[in-house]
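Notes to accompany the following structure.
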Amino acid sequence: MITTRRTVAAAALLALLLPVPLLAASAASAAPAATVDARATGPELPAPTGRFAVGSEDLHLTDRSRTDPWAHTGPRELMVTLRYPAQRGTGRAPAPYLSTEEALPILVRRGLDQLVDPAVLAATRTHARVGARPVQGRYPLIVLSPGFTVPRATLTSLAEDLASRGYVVAAVDHAYESDATAFPGGRVLTCLACEPMERPGGHEAVTRTRSADVSFLLDRLTGRHPAWRHAGLIDPGRIAMGGHSIGGASALPAMAADPRIRAGADLDGGLPDPYPPAGIAGRPFLLFGSAASAPGGQSNGDWGRTWPHLDGWKRWITVDGTDHFGATDFPAIRDQLGLPHPEAPTSGPRAAELTRTYLAAFFDRHLKGKPAPVLDGPRAEAPEVRFHTP
């Protein structure tokens, strides 16, 4: 319970300076860091809704054909978490959310490491299990790319749910584009791309880099000598990409550059401008965002500029009562730790339910050929969801 003036002030400071999941960490900061039991206090993500259990495995990939554009030295590296349909009752342990080594630099960067115990955020409980035996079959592949400065872990709830519904999901951390990403050898890479991102053309530079990252990832997952031991689960003819914020924005240039990507979804991300000259050849694209991303809203005005160029199946959907992080894990984490967000009153479970429902319907329709009536227009059971046809 937050009862002291000092704790309230700390929470207010966090609200101003941190992404939403770190608001959750502030609720536990009233206790001394040494007394926090991460397993007891960590929030739990919503359970997956599909018929499969979920397995999880991390993969480190190195593209020696490219020099890292942000470090200007060494090859380009990716950290990937693969989630897949798994046999129930198998696996060694629940998959970790974040390491404290990844959480701590996020706090240090903002000068808040004395106020927040990084173990609280790191201890968020997931539902996938490390080393679980896969359910044999051939499944569509979905690549998920996170928002700028935040790690791939922030899309865990969506990734686990899609895997439980019969997808292989590859969530990617792009080196030097988040506040902290743990790589093998004890390295924790910080955000070298943050300063270039603020320069003219920085947004497009990041989306181009991520586009190349995704093509390399597809090569390593579906090529003749795949890097992942369970790569046989992937159907290389059914691939899609989605992501949050700039991760979602990167889906458009990735599709323009790589015809293997059959569908794309942007979760509240500003799209690159201008529109890729090559276009995406009539492939489906979903715009799914907060109320601020509605036509005439406060953000993502480039959706209106891009909309006429999307020449295939398309939808522009927004969800009232959510903020920029509404499609990520953040609402569920902050709810459980008692930190309401007045500008985004939709509950964490409801935000997760809507995100999962509409994203799964989109991928089901375009990768599995299944009917998806929820994408046809407004529904009485989802009054928060608005369809736009500008």
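When the residues of segment 31-48 are filtered to those that are surrounded by fewer than 17 Cβ atoms within 10 Å (Cβ to Cβ) and in a loop (DSSP other than H, G, I, E, B), the one that is modelled with the highest pLDDT is Ala47.
Testing Arg51 on (1) at pLDDT below 95; (2) farther than 21 Å from Ala332 by Cβ, one condition comes back false. Which one is that? Condition (1) is where Arg51 drops out. Among the residues of segment 52-92, those identified as assigned to a loop (DSSP other than H, G, I, E, B), farther than 26 Å from Arg208 by Cβ and small (Gly, Ala, Ser) are Gly89, Gly91.
If you go through segment 111-158 and keep only what is modelled with pLDDT under 95, surrounded by fewer than 24 Cβ atoms within 10 Å (Cβ to Cβ) and outside any loop (DSSP other than H, G, I, E, B), you end up with Ala119, Ala122, Thr149.
Scanning segment 72-102 for residues that are within 14 Å of Val130 (Cβ to Cβ), buried (at least 18 other Cβ atoms within 10 Å of the Cβ) and among the hydrophobic types (A, V, I, L, M, F, W, C) gives Leu82, Ala86, Ala95.
Starting from residues that are among the polar types (S, T, N, Q) and crowded, with 20+ Cβ neighbours inside 10 Å, keep the ones in segment 269-304 and report whichever is nearest to Pro200 (Cα to Cα).
Quick first cut of segment 269-304, residues among the polar types (S, T, N, Q) only: 290, 293, 298-300.
Those still in the list that are crowded, with 20+ Cβ neighbours inside 10 Å too: 290, 293, 300.
Numbers: Ser290: 26, Ser293: 23, Asn300: 17 Å.
Ranking the candidates gives Asn300 first.
Residues in segment 339-352: is at least one surrounded by fewer than 23 Cβ atoms within 10 Å (Cβ to Cβ), under 19 Å from the mean Cα position of the chain (by Cα), closer than 21 Å to Gly264 by Cβ and not hydroxyl-bearing (Ser, Thr, Tyr)? No, segment 339-352 has no match at all.
Among the residues that make up segment 351-359, is at least one of them under 22 Å from Leu141 (Cα atoms), without any contact (Cβ under 8 Å) to a residue 40 or more places away in the chain and not basic (Lys, Arg)? Reasoning before the result, please.
If we filter segment 351-359 for residues that are under 22 Å from Leu141 (Cα atoms), which is where we start, we get 352-359.
Now restrict to residues that are without any contact (Cβ under 8 Å) to a residue 40 or more places away in the chain: 354, 357.
Still in the running and not basic (Lys, Arg): 354, 357.
Yes, some residue in segment 351-359 is under 22 Å from Leu141 (Cα atoms), without any contact (Cβ under 8 Å) to a residue 40 or more places away in the chain and not basic (Lys, Arg).
Restricted to segment 353-387, and to residues there that are surrounded by fewer than 20 Cβ atoms within 10 Å (Cβ to Cβ) and of a type in the set (Gly, Ala, Ser), the residue that is farthest from Phe325 (Cα to Cα) is Gly369.
Once segment 250-260 is narrowed to residues that are crowded, with 24+ Cβ neighbours inside 10 Å and of a type in the set (A, V, I, L, M, F, W, C), the residue that is nearest to Ser211 (Cα to Cα) is Ala254. Within the option set Val374, Val385, Val319, being free of Cβ contacts under 8 Å to residues at least 60 places away in the same chain and either over 23 Å from Ala123 (Cβ atoms) or in contact with a strand residue (DSSP E or B) (Cβ under 8 Å, 6 or more places away or on another chain) (or both) holds for one residue only, Val374.
The values are calculated or read from the model by the stated rules, or taken from the named source; none is laboratory data. Quick caveat: nothing in here was measured; it's all calculated off a predicted structure. Here Cβ is always computed from backbone atoms with ideal geometry, including for glycine, and neighbour counts include all displayed protein chains.
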